[in-house]
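**Q** Got a structure for you, questions after.
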Amino acid sequence: MMSTHTPAMALDTGTSSDAEETLSLAAKERVAAAITVILTESGALTDEQIVEKYNARALAHSSVPQVTAQRIRTARAKLVRIGHVRDAGELAYSRLGNRATAWTLS
């Protein structure tokens, strides 16, 4: 029987890792801190909602670095890995109506 499985793409060893290195440790910590404040103030949010609130905060506060939505999601994922944020277990949806995970502080 012939497999129809498509092999996974190799990890991007160029642009993504280069982008990771351009953000200082202090800036990464400020991104994580802003996400924590947003979740403290707002309760459970989807990544889409976190990005929206983060961008508004970055425009209002010069201490919050302007970063991409991907950087914000990466920072949120790290907060999950270290146990500061968890799946809220709530039914949540994206703007397009797709199921989405709502995140909350642990």
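**Q** Kindly report the accessible area of segment 19-106 per residue (heavy atoms of protein chains, probe 1.4 Å, no ligands, DNA or RNA), in Å².
**A** Ligands and nucleic acids excluded, the figure is 61 Å² per residue.
**Q** What's the local net charge at Ile38, with K and R +1, D and E -1, over the other residues with C-beta under 9 Å away?
**A** Net local charge, Ile38 excluded: +1.
**Q** Order these peptides, 43-54, 87-98, 61-72, by their mean beta-carbon neighbour count within 10 angstrom, highest first.
**A** Descending mean neighbour count gives 43-54, 61-72, 87-98.
**Q** Whenever you get a sec, compute what percent of the accessible area on segment 18-71 sits on carbon and sulfur atoms (1.4 Å probe).
**A** That share works out to 53 percent.
**Q** Round to the nearest 0.05 the FRET efficiency obtained for Arg81 and Ala56 when R0 = 22 Å and r is the Cβ-Cβ distance.
**A** 0.30
The values are calculated or read from the model by the stated rules, or taken from the named source; none is laboratory data. These figures come from a predicted structure and were not determined experimentally. When we count neighbours, we look across all protein chains shown, and the Cβ atoms used for this are built from the backbone with ideal geometry, even at glycine. In case anyone asks, the SASA skips ligands and DNA or RNA and just uses the protein heavy atoms, side chains included. Shrake-Rupley method; radii C 1.70, N 1.55, O 1.52, S 1.80 Å.
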